[in-house]
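Below: the structure, in structure tokens.
The values are calculated or read from the model by the stated rules, or taken from the named source; none is laboratory data. What you see is a predicted model, and the numbers here were worked out from it, not measured in a lab. Positions of Cβ are backbone-derived with ideal geometry, glycine not excepted, and every protein chain shown enters the neighbour counts.
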Amino acid sequence: MKWILFSLLIFVWGCTKNSNRVDQINISIPSDISTLDPANCYDTVCYVPLTQVYEPLYEIEYLKRPYTLRPLLAENFPEISNNRLKYTFKIKKGIKYHDSDILPKGREIKSQDFVNQIKRLAFKGTRSQGFFLVDQKIKGINDWRDKVQTDLGLFFSEPIPGVSAPDDHTLVIELVRPYPQLLWAMAMSFTAPIPEEAIRATQNDLRQKFVGTGPYIITNYNPSQEVVLKKNDFYNSSVYPSQGDRFANENSLLADAGAKLPFVKNIRISVIEETQTEWLNFMSKKIDLVNLTKDQYPLALNQDGKLKPEITQNNIRLQASPTLIYWWIAFNMKDQIFGNNLNLRKAIAHGVNIDKYIELFTYNIAQKANSIFPPGVAGYSPSTDLPYKYDINLAKDFLKKAGYPEGKGLPKLFFDVRGTDTRKRQMGEFIQQELRNIGIQVEVRINTFPAFLEKSRNGELQFWQGGWVLDYPDSENVLQLLTTAHLSPGPNTSQYSNPEYDKMYNELRELEDGDRKFELMKKMEEMINRDLPWSMQYYARNYILYHDHLKNFRYSDIVYNNLKYLKITGK
């Protein structure tokens, strides 16, 4: 899915000792919020508040694995016709936007609002991170983009041939080719409806104005400190799920089936960069949930990965969860030093001890990557091997082949990290020391997370830790990260471009899972391993602790709108 801050710490805390715990949830995020415009939010920090406020046509089932979709603002699943090129969606009636000074009171969603947001994704003036979802997929959208450019007048007057609203509750999307992932795209906040009145009133700048339909309404927004939300008393888009998998049934997560949402009246989302305060508050029961970081693993877990007795005796529960998050060292393929020097990239791939990295920064909980695809994606094979491994002598040989024997003549390289906290700095310093051992001098550059994102969108990074949370569990969502069409400011921040790769991607993206798709996956992975824009690190696994009074909790790294399902009972 999206840009990842290394450890997204989501947890619940109480306001005061005497506060009514049923009425407030506090969430912590470890970095400033980059934006709350649904056309541009594309990281795991901004998703936390955004997905409580904005809603798309579909949502991921909270209690089912493997992941499936259910209607949210749509009445049902679409009618698909014309050889899979025409999708007709029916929109729910009676869904109202939150009250706003830029909307008529009681304004209901209309199908044209979805057309508006698809236009915003394509409109150059928006600079949307989500354009890749519709680029070269919807009939006429690229011609519309080229014609309209940044002209807001043309934005409204010029139609996109492949997107229409024949009535207030019908949305029609016509494709230029089959696009099996369209329903997943319509479950992302990128495609949440935006009314024309809001676009006109703000001149298409929705960073400070929020016009959602979700279970919570923003009452205060300070992106470097906090977001405060209150319950939407008129929320009627969804109810608590009535179906779940074996885990949901065994853990009594279906007791509230069919109940009106949300359960809790208020949410406070605070920006807190360090982890020590979180742990102390968690153990004093001011914090209800914490996603364990490397510094907290030895405080909570024995070497066998089980909770320590002093943790369990306090009615603290553990959920150990596989994720769709994974990490690599990324190289800027347009960089003057890296771009044309495969041997230099190979030297780094062989020169960093990933096993040691996993030990130091994940307490050996992460799984060492063996593929550019993560487990959970159809076509992933646990028997795949990467063509590089930690070997200092081999790394030095490649450095010599690169033209820099023992690092002589090689300018200082710049490794950018994804945040300002101690952990991010230490991760950068580890890479710095590993490469110093083979003769490469590295300067670690510290960035706030929004600053890191801005550099990546502008192609200003040299090498860094890349990471991804899958938007949906399909190999297409991985492979699109390296296509020419998605170069920065799109998600291809490595600036990798290969016509042969693009050709195979264009075939694969239209295929359902099956033999031909898996064959293309293998060939494309071999190409990436040969050209080496990425040097793989590991797949994340999360250990989440929560107090027993937090109810209905189930961890997921791609279900972000989960706060509407949570309850807090008395301590």
If the requirement is being surrounded by 14 or more Cβ atoms within 10 Å (Cβ to Cβ) and more than 25 Å from the chain's Cα centre (by Cα), which of these qualifies: 183, 175, 206? 175
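Let's see how each residue does on (1) over 25 Å from residue 204 (Cα atoms); (2) modelled with pLDDT under 95; (3) out of contact with any Phe, Trp or Tyr (no Cβ under 7 Å at 6 or more places or on another chain); (4) not in a loop (DSSP other than H, G, I, E, B):
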{"residue": "70", "(1), (2), (3), (4)": "yes, no, no, yes"}
{"residue": "76", "(1), (2), (3), (4)": "yes, no, yes, no"}
{"residue": "80", "(1), (2), (3), (4)": "yes, no, no, yes"}
{"residue": "89", "(1), (2), (3), (4)": "yes, no, yes, yes"}
{"residue": "94", "(1), (2), (3), (4)": "yes, no, yes, no"}
{"residue": "103", "(1), (2), (3), (4)": "no, no, no, no"}
{"residue": "112", "(1), (2), (3), (4)": "no, no, yes, yes"}
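Are any residues in segment 49-104 hydrophobic (A, V, I, L, M, F, W, C) and touching a His at 6+ places or on another chain (Cβ under 7 Å), and if so, which ones? Before you say what the answer is, go through the steps one by one.
From segment 49-104, those hydrophobic (A, V, I, L, M, F, W, C) are 50, 53, 57, 60, 63, 69, 72-74, 77, 80, 85, 89, 91, 95, 102-103; that's our starting set.
Passing the criteria: only 91.
Just to be sure before I move on: is residue 230 touching a residue at least 24 places away in the same chain (Cβ under 8 Å), assigned to a loop (DSSP other than H, G, I, E, B) and surrounded by fewer than 20 Cβ atoms within 10 Å (Cβ to Cβ) in the structure I sent?
Values: touching a residue at least 24 places away in the same chain (Cβ under 8 Å): yes; assigned to a loop (DSSP other than H, G, I, E, B): no; surrounded by fewer than 20 Cβ atoms within 10 Å (Cβ to Cβ): yes.
Against the criterion (touching a residue at least 24 places away in the same chain (Cβ under 8 Å), assigned to a loop (DSSP other than H, G, I, E, B) and surrounded by fewer than 20 Cβ atoms within 10 Å (Cβ to Cβ)), residue 230 does not qualify.
Test residue 124 against the stated conditions and say whether it is surrounded by fewer than 23 Cβ atoms within 10 Å (Cβ to Cβ), assigned to a loop (DSSP other than H, G, I, E, B), in contact with a helix residue (DSSP H, G or I) (Cβ under 7 Å, 6 or more places away or on another chain) and free of Cβ contacts under 8 Å to residues at least 60 places away in the same chain.
Yes.
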Residue within segment 386-399 that is surrounded by fewer than 21 Cβ atoms within 10 Å (Cβ to Cβ), of a type in the set (Ser, Thr, Tyr) and either over 27 Å from the mean Cα position of the chain (by Cα) or at pLDDT 95 or above (or both) present: yes
Would you say residue 518 is assigned to a helix (DSSP H, G or I) and among the aromatic types (Phe, Trp, Tyr)? yes
So, of the residues in segment 351-364 that are buried (at least 19 other Cβ atoms within 10 Å of the Cβ) and in a loop (DSSP other than H, G, I, E, B), which turns out to be modelled with the highest pLDDT? 352
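A quick yes/no check of all residues on (1) part of a loop (DSSP other than H, G, I, E, B); (2) of a type in the set (Gly, Ala, Ser); (3) under 17 Å from residue 537 (Cα atoms):
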{"site": "349", "(1), (2), (3)": "no, yes, yes"}
{"site": "370", "(1), (2), (3)": "yes, no, yes"}
{"site": "375", "(1), (2), (3)": "yes, no, yes"}
{"site": "380", "(1), (2), (3)": "yes, no, yes"}
{"site": "385", "(1), (2), (3)": "yes, no, yes"}
{"site": "397", "(1), (2), (3)": "no, no, no"}
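Here is a check on your reading of the model: is residue 190 assigned by TED's automatic domain parsing to the domain that holds residue 115 and either touching a residue at least 12 places away in the same chain (Cβ under 8 Å) or part of a helix (DSSP H, G or I) (or both)? Outline the logic, then answer.
Numbers: assigned by TED's automatic domain parsing to the domain that holds residue 115: yes; either touching a residue at least 12 places away in the same chain (Cβ under 8 Å) or part of a helix (DSSP H, G or I) (or both): yes.
Here the answer is yes, as residue 190 does meet what is asked.
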Working only within segment 252-283, note down all residues that are over 29 Å from residue 30 (Cα atoms) and not acidic (Asp, Glu). 252, 254, 255, 257, 258, 259, 260
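Per-residue answers, yes or no, for (1) crowded, with 19+ Cβ neighbours inside 10 Å; (2) in contact (Cβ under 8 Å) with a residue 60 or more places away in the chain:
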{"site": "258", "(1), (2)": "no, no"}
{"site": "265", "(1), (2)": "no, yes"}
{"site": "270", "(1), (2)": "no, yes"}
{"site": "273", "(1), (2)": "yes, yes"}
{"site": "305", "(1), (2)": "no, yes"}
{"site": "336", "(1), (2)": "no, no"}
Complete set of residues in segment 338-347 that are in a helix (DSSP H, G or I), of a type outside the set (A, V, I, L, M, F, W, C) and surrounded by fewer than 19 Cβ atoms within 10 Å (Cβ to Cβ): 343
So which of 57, 72 is out of contact with any helix residue (DSSP H, G or I) (no Cβ under 6 Å at 6 or more places or on another chain), within 26 Å of residue 44 (Cβ to Cβ), surrounded by fewer than 22 Cβ atoms within 10 Å (Cβ to Cβ) and touching a residue at least 60 places away in the same chain (Cβ under 8 Å)? 72
All strands (runs of 3 or more DSSP E) inside segment 233-333 with 1 or more residues being among the aromatic types (Phe, Trp, Tyr) and assigned by TED's automatic domain parsing to the domain that holds residue 375: 316-331
Given the conditions (1) modelled with pLDDT under 95; (2) part of a helix (DSSP H, G or I), every one holds for residue 143 apart from (1)
Qualifying residues in segment 20-30 (those that are surrounded by 24 or more Cβ atoms within 10 Å (Cβ to Cβ) and touching a strand residue (DSSP E or B) at 6+ places or on another chain (Cβ under 7 Å)) - the one farthest from residue 224 (Cα to Cα): 25
When every residue in segment 275-287 that is surrounded by 17 or more Cβ atoms within 10 Å (Cβ to Cβ) and either aliphatic (A, V, I, L, M) or within 25 Å of the chain's Cα centre (by Cα) (or both) is compared, the one nearest to residue 422 (Cα to Cα) is 275
Which residue pairs have Cβ atoms under 7 Å apart, sit 6 or more places apart or on different chains, and have a first residue in segment 76-99 that is free of Cβ contacts under 8 Å to residues at least 40 places away in the same chain and a second that is of a type in the set (Ser, Thr, Tyr) and part of a strand (DSSP E or B)? 79/88; 80/87
It is to be established whether one or more residues within segment 80-96 are of a type in the set (Ser, Thr, Tyr) and either buried (at least 17 other Cβ atoms within 10 Å of the Cβ) or within 22 Å of residue 217 (Cβ to Cβ) (or both). yes
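Starting from residues that are acidic (Asp, Glu) and closer than 27 Å to residue 184 by Cα, keep the ones in segment 441-488 and report whichever is surrounded by the most Cβ atoms within 10 Å (Cβ to Cβ).
Looking at the filtered set, the residue picked out is 471.
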